[in-house]
Amino acid sequence: MKIGELKTDFGNIKDLQLSIGQAKEEKWEEPMGPTPFPSLTTLREWDKKLLERYKPFYMPFCDMCCLCTQGKCDLTGPKRGACGISMPAQQSRTVLITVCIGAATHIGHARELVTSISEKFGKDHPLDVGGHNVEVEAPLIRLVCGIKPETIGDLDEVLDYLENQLTQLLAVTHTGQEGSSVDFESKVFHAGMIDQVAMEVADIAQISAFGFPKAEEETPLIELGMGAVDTSKPVILVVGHNVPPAVNIVDYLQKTKLTEEVELTGICCTSLDISRYTPKAKIIGPISWQLRYVRSGVPDVIVVDEQCVRADLLIEAQRIHAPLIATNQKNCLGLEDRTNDRPDDIVADMVSEKVPGVLILETNQVGEVATKTAIQVAPKRKKMGFFPKKEELKEIARKCNQCKECRRSCPNDAAIPEAMKAAGKGNFALLEEMYDECVGCARCEQACPQKIPIHSMILGAAQEKVKEEKYKIRAGRGAIQDIEIRQVGGPIVLGEIPGVVAFVGCPNFPKGGKEVAEMVIEFAKRRYIVCTSGCAAIAAGMYKNDEGKTAYELFPGSFEAGGVVNVGSCVSNAHIAGAAVKIASIFARRNLRGNYEEIADYVYNRVGAVGVAWGAMTQKAAAIASGFWRLGIPVVVGPHGTKYRRMLLGRRDKEELWYTYDARTGDKVYTSPAPEHLFVAAETKEEAMVMIAKLCMRPNDTSKGRAIKLTNYVDLHKRNFGSIPDDVHLYVRTMADVPITMKDEIVKMLNEKQWKERTIPDPTLLPRMIRKAKVKV
Amino acid sequence: MANNEAWMTAEVGGPKRASLITKPEVAEAMIRRARRPILVIGHLAAEIEMEDKKLIDYVIDLATNTGIPVVATAHTGNAFLGRRFTPASIMSAVDIGNRLADPTWKGIDGNGPYDLAMFAGLPYSLAWTLLSGLKNFAPHLKTMTLDNVYHPNANWSFPNISIKDWIINLQAIIRDLGE
Ligand code: SF4
Ligand code: SF4
Ligand code: SF4
């Protein structure tokens with residue numbers, strides 16, 4: 001098929017026709033590595049190497065197990081359950097269950113996309129994520145599976161493997177299977193790895209089929225925020241992650257020439273992905289905006305697909321008389337299946353409110369039904385929202401008896417009772433302030449014995465802010481170009497670009513999304529390469545500097561020092577890990593094919609990348625983090641991240657942990673504790689920034705690179721903690737590592753700590769990588 | 001709410017839950033008995049207002065009166081230094097938690113493991129999980145929180161008390177231990 005047949009609102013896709021033809025002809029001559037399609041235990045030794053350095057620190061979120069009828073079992077301290085399981089094993093078992101849920105979600109999502117794309121475009125539809133610019137189109141599939149997919153149909157084999165592994169992994173969590181926490185953790189890494197591959201499958205399939213931006217650096221700027229919606233038009237809201245129903249809506253609007261008449265708005269990853277299909281779509285916000293936006297009454301029709309959709313969205317939709325259309329087998333919401341009914345009949349039933357919503361499992365129907373319904377209900381609804389008006393707030397607030405139940409249920413311990421007291425006296429400032437940090441969970445309302453609509457009151461008090469919510473976000477670009485990798489590969493591996501920092505994941509932020517935007521800007525200014533994806537990408541755009549510009553307007557979208565690269569939705573995360581892997585393959589010319597351990601060893605020792613999931617919340621976020629860990633990429637989470645039950649922490653005070661092979665000589669040499677941790681929660685944004693800078697250091701840094709990284713680490717430490725870090729001496733290997741501008745104070749510390757110069761190795765954890773073997777391997 | 005209900009309603013404790021510090025003498029006795037106590041102070045200490053002072057001011061008084069070393073987590077170090085108090089170490093909450101759980105850790109000063117860790121000023125759910133880690137994996141260590149909310153996973157915790165009662169308790173502890 002010709003790409004010209006794919007109508008998108010993106011104009012500039014001339015290159016594509018050329019590249020498709022050629023991708024087919026390319027033969028893959030790379031020799032097969034040792035571990036294609038790895039099983040549960042294939043990479044166990046690699047995992048154990050990492051887990052030896054980064055021992056799990058378990059923080060049980062529950063002391064009991066209730067997974068079988070012998071329970072509940074009290075596992076506190078040294079106690080074991082009736083099945084014999086220990087507390088560490090039970091915690092890692094729970095982590096594995098969590099990560100399996102996340103991986104299942106991405107694999108299920110990928111399978112659905114590949115099936116529907118195969119049906120619509122044919123199995124031999126070519127994969128193309130960037131034409132000539134992206135020859136390594138599927139680095140993770142190549143790495144893990146050892147195959148080079150060329151068509152949509154080629155992805156079936158990959159999915160078969162992922163589904164098989166997932167089934168085996170889930171079986172591991174049954175009573176009386178694995179008993180060792182280390183083995184559970186190794187399987188967590190395995191689940192993370194297959195999750196990463198699943199994300200790659202999903203994103204390269206949708207990029208290839210729907211004509212999403214193909215690794216372009218400057219994608220269009222998309223309007224973002226509730227204030228950006230033209231409420232005079234009928235408004236459709238799409239929520240979730242699985243984009244085909246939303247694509248159908250866009251196609252229908254184009255076909256019927258209604259694009260200018262109807263507003264298409266979205267929340268979460270479906271909105272990110274639909275804005276890759278048409279720059280006219282508007283993104284409202286991350287998933288924490290669901291209640292706010294629905295309660296504003298602005299959407300006339302709500303279309304949900306899958307993942308992260310509030311389970312009470314149908315109830316909320318009914319409150320604003322907005323019909324809801326469910327479109328995915330995984331999320332039917334109890335609605336009647338009307339897939340085989342005539343669209344006009346379905347529309348009539350929803351417009352007359354005979355039914356609150358419908359289930360439509362055939363994507364091709366969704367556009368027509370959603371559009372017609374929106375157009376017909378819009379005039380009737382007149383955007384009836386139910387934020388209390390300012391004059392009503394005072395009256396409602398007076399019902400508050402200061403019992404504090406709301407605050408005790410708020411994940412961020414928000415001072416709601418205090419805000420209510422002030423509001424009862426006519427001062428709404430505290431309520432309004434809460435808008436920025438509220439994650440929109442409505443647990444406060446569930447707790448309030450006075451039935452005060454607390455969340456709605458926060459929204460009512462923040463009406464002016466809502467109107468001002470107008471931002472810009474760059475559409476997700478997908479993959480990183482090979483040429484970009486060639487250009488930055490050297491500076492990254494040498495440490496001269498101080499790091500690649502990826503802000504990913506959900507919006508369970510401790511103090512609002514602004515902190516993500518601030519961190520993005522800080523690291524881009526410091527000339528790190530900053531990537532964003534998913535809800536974090538949206539949050540990063542919802543803040544303007546003094547000149548009224550967002551991070552996406554301030555910095556270029558290219559994968560270069562000082563770039564802010566929005567790769568896209570959650571499944572686009574694969575391109576971030578993929579970029580790290582491509583550095584090993586394109587820049588360092590290492591074989592990727594079925595060669596996981598060697599490439600992970602390369603990435604771990606040389607590529608100063610850090611993932612930051614500041615609002616990590618879901619099981620998918622846990623899976624995404626796990627995929628990074630196996631590649632040796634550390635992940636920082638916000639304070640809520642400790643609820644994932646364990647950290648993977650290095651101990652810089654234990655010298656024996658930080659010896660590595662020098663591949664040149666085979667000697668075991670002390671490097672620095674770099675990266676210090678593999679999974680760590682930060683308490684505050686300030687602490688996170690210091691951690692990020694530090695975690696970007698790698699054993700392979702040249703002196704010039706290490707000096708640049710140390711400059712950032714020491715400077716951020718001084719600025720945020722008020723002092724020079726007490727571990728700088730561990731990161732200085734030779735005097736040339738010391739940043740010139742900080743020489744006096746660092747040399748003073750080196751003298752105090754009796755520092756001695758040491759060599760900079762060609763680092764590897766794998767004895768087989770030693771070129772001149774001195775050790776027995 | 002009952003005295004020994006977790007401050008966050010849903011974060012109920014497990015079978016093993018903290019004993020209540022019902023009066024300052026209970027905490028004082030614990031601190032006096034400890035050979036190697038340590039204070040772990042989170043960033044909220046510099047934010048929580050206690051009438052004309054902040055929580056961090058009480059922590060400084062306690063540390064100064066007793067000589068107990070302070071680990072400042074997150075960016076709390078800045079607030080301490082701004083008050084001309086130098087913490088013994090700056091470390092993240094999970095880092096210090098991980099070290100405290102290690103019975104072979106020699107401590108910040110290298111003089112041996114701690115036997116009492118006192119916490120204040122950490123976000124509630126972070127402290128909850130951290131204390132759970134120590135409850136389950138640090139049998140050699142007693143934990144106590146000085147926050148005014150009940151923490152089921154500590155060995156000793158105040159019940160959920162008002163700022164006023166909190167001030168009275170902390171003042172008494174600081175005074176009595178300084179004598
Ligand atoms: S799975 Fe084991 S620990 Fe869990 S309830 Fe059953 S017997 Fe108890
Ligand atoms: S809706 Fe907002 S204020 Fe209410 S409990 Fe959730 S985060 Fe707290
Ligand atoms: S739960 Fe309701 S009544 Fe109680 S303090 Fe909160 S708002 Fe007031």
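For the range A:478-538, the Kirkwood estimate of the hydrodynamic radius, built from every pair of different alpha carbons, is 12.7 Å.
For residue B:54, the aspartates and glutamates whose Cα comes closer than 13 Å to its Cα, not counting residues fewer than 8 places off in the same chain, are B:147. DSSP bridge analysis restricted to the protein assembly as shown gives an antiparallel fraction near 25%, rounded to the nearest 5.
In chain A, a dipole from Cβ-located charges (positive for Lys and Arg, negative for Asp and Glu) runs towards its positive end, and of A:746, A:550, A:604 it is A:746 whose Cα lies farthest in that direction.
The coefficient of translational diffusion for the range A:88-210, derived via Stokes-Einstein from the alpha carbon Kirkwood radius under 20 °C and 1.002 mPa s, stands at 143 µm²/s. Size descriptors for the range A:153-271: radius of gyration and Dmax over Cα atoms are 20.3, 61 Å.
By a straight-distance test (C-alpha under 18 Å), which lysines pair with residue A:372 as possible cross-link partners, with residues fewer than eight away in the same chain excluded? The qualifying lysines are A:233, A:255, A:257, A:354, A:380, A:382, A:383. All other residues whose Cβ lies under 12 angstrom from that of residue A:532 are scored, Lys and Arg at +1 and Asp and Glu at -1, for a net of +2. Working value for the range A:397-540: equivalent-ellipsoid semi-axes of 42, 14, 12 Å, each the square root of 5 times a Cα gyration tensor eigenvalue, largest first.
Going through the cross-link list A:79/B:23; A:79/A:330; A:280/A:467; A:525/A:743, which pairs have a Cα-Cα distance over 29 Å in this structure? Going by Cα-Cα distance, A:79/B:23; A:79/A:330 fall outside the 29 Å limit. Report, as a whole number in µm² per second, the diffusion coefficient that Stokes-Einstein gives for chain B at 10 °C and 1.306 mPa s using the Kirkwood radius over alpha carbon pairs. Roughly 99 µm²/s, to the nearest whole number. Taken over chain A, the percentage of Cα pairs per 10 Å bin, counting from 0 up to the bin with the maximum distance, is 3, 14, 24, 26, 20, 10, 3, 1, 0.
Of the residues A:483, A:521, the one with the largest accessible area comes first in the ranking A:483, A:521, computed with a 1.4 Å probe on protein heavy atoms.
Using just the C-alpha positions of the range A:226-381 as equal point scatterers, what log10 of I(q)/I(0) does the Debye formula give at each q in 0.09, 0.20 1/Å? With one equal scatterer per Cα and no solvent, log10 I(q)/I(0) is -0.22, -1.29.
For chain B, a Gaussian network of Cα nodes joined below 10 Å ranks B:36, B:17, B:84 by mean-square fluctuation, and the top entry is B:84. As a ratio to 2.2 N^0.38 Å, the alpha-carbon radius of gyration computed for the range B:10-113 takes the value 1.16. Here the mean projected area of the convex hull built on the C-alpha positions of the range A:58-145 is 9.5 nm². The magnitude of the dipole of the range A:88-210, with charges of +1 and -1 set on the Cβ of Lys/Arg and Asp/Glu and taken from the Cα centre, is near 340 debye. Taking trypsin sites (Lys or Arg not before Pro) across the range A:275-379, the ones in a DSSP loop with at most 13 further Cβ atoms lying within 10 angstrom of their Cβ are A:354.
Rounded to the nearest 5, the antiparallel percentage of DSSP beta bridges internal to the range B:21-177 is 10%. The alpha carbon centroids of the range A:420-498 and the range A:353-380 are separated by 30 Å. Restriction of the chymotrypsin sites (Phe, Trp or Tyr not before Pro) in the range A:447-541 to DSSP coil positions whose beta-carbon has at most 10 other beta-carbons within 10 angstrom yields no sites. Tell me, how many Å apart are the Cα centres for the range A:593-623 and for the range A:711-761? Each part's Cα centre sits 27 Å from the other's. Pairs of C-alpha atoms in the range A:573-662 farther apart than 17 Å represent 55 percent of all such pairs.
Shown here for the range B:91-142: trypsin sites (Lys or Arg not before Pro) in loop regions (DSSP other than H, G, I, E, B) with at most 14 other Cβ atoms within 10 Å, namely B:106. Placing unit charges on each Cβ (+1 for Lys and Arg, -1 for Asp and Glu) gives the range B:21-177 a dipole about its Cα centre, and among B:91, B:30, B:162 the Cα reaching farthest toward its positive end belongs to B:30. Here the gap between residue A:27 and residue A:547, fully extended at 0.36 nm per residue and compared with their Cα-Cα distance, gives a gain of 182.1 nm. Mean residue ellipticity, 222 nm, helices only, chain B: the sum of -39500 (n - 2.57) across DSSP H runs of n ≥ 4, divided by residue count and rounded to 500, is -11500 deg cm²/dmol. Each Lys or Arg adds one and each Asp or Glu takes one away; over the other residues whose Cβ falls under 15 Å from the Cβ of residue B:28, this sums to +1.
Taking N as the residue count of the range A:702-759, its C-alpha radius of gyration divided by 2.2 N^0.38 Å amounts to 1.02. Using a Förster distance of 60 angstrom, determine the FRET efficiency expected from the C-beta separation of residue A:771 and residue A:123, and round it to 0.05. Working from the Cβ atoms, E equals 0.85.
Rounded to the nearest 20, the size of the Cβ-charge dipole of chain B about its Cα centre is 500 debye, with Lys and Arg at +1 and Asp and Glu at -1. Only alpha carbons enter this Debye calculation for the range A:390-452, each as an equal point scatterer, and the log10 of I(q)/I(0) it gives at q = 0.20, 0.28, 0.29 Å⁻¹ is -0.71, -1.35, -1.40. Ordered from longest to shortest, the equivalent ellipsoid semi-axes for the range B:1-47 are 23, 17, 12 Å, each the square root of 5 times a Cα gyration tensor eigenvalue.
Count Lys and Arg as plus one, Asp and Glu as minus one, and take only other residues whose Cβ is under 14 Å from that of residue A:404; the net charge is then 0. One Cα centroid belongs to the range A:52-103, the other to the range A:324-352; the line between them spans 41 Å.
At a Cα cut-off below 21 Å, give the lysines reachable from residue B:53, other chains included and same-chain residues fewer than 8 away excluded. Within the straight-line cut-off, residue B:53 pairs with B:164. In a reduced charge model with +1 at each Lys and Arg Cβ and -1 at each Asp and Glu Cβ, the protein assembly as shown shows a dipole moment near 1860 debye about its Cα centre. The residues of chain B present an accessible area of 38 Å² per residue when probed at 1.4 Å with all protein chains retained.
Think of the protein assembly as shown as a dipole: +1 on every Lys or Arg Cβ, -1 on every Asp or Glu Cβ, centred on the Cα centre; then among B:152, A:535, B:126, B:152 lies furthest on the positive end.
The values are calculated or read from the model by the stated rules, or taken from the named source; none is laboratory data. Keep in mind that this is a model prediction, so the values were computed, not measured. Every residue, glycine as well, gets a Cβ built from its backbone with ideal geometry; the counts of neighbours run over all protein chains shown. Areas reflect the complete protein model, heavy atoms only, side chains present, ligands, DNA and RNA absent. Shrake-Rupley method; radii C 1.70, N 1.55, O 1.52, S 1.80 Å.
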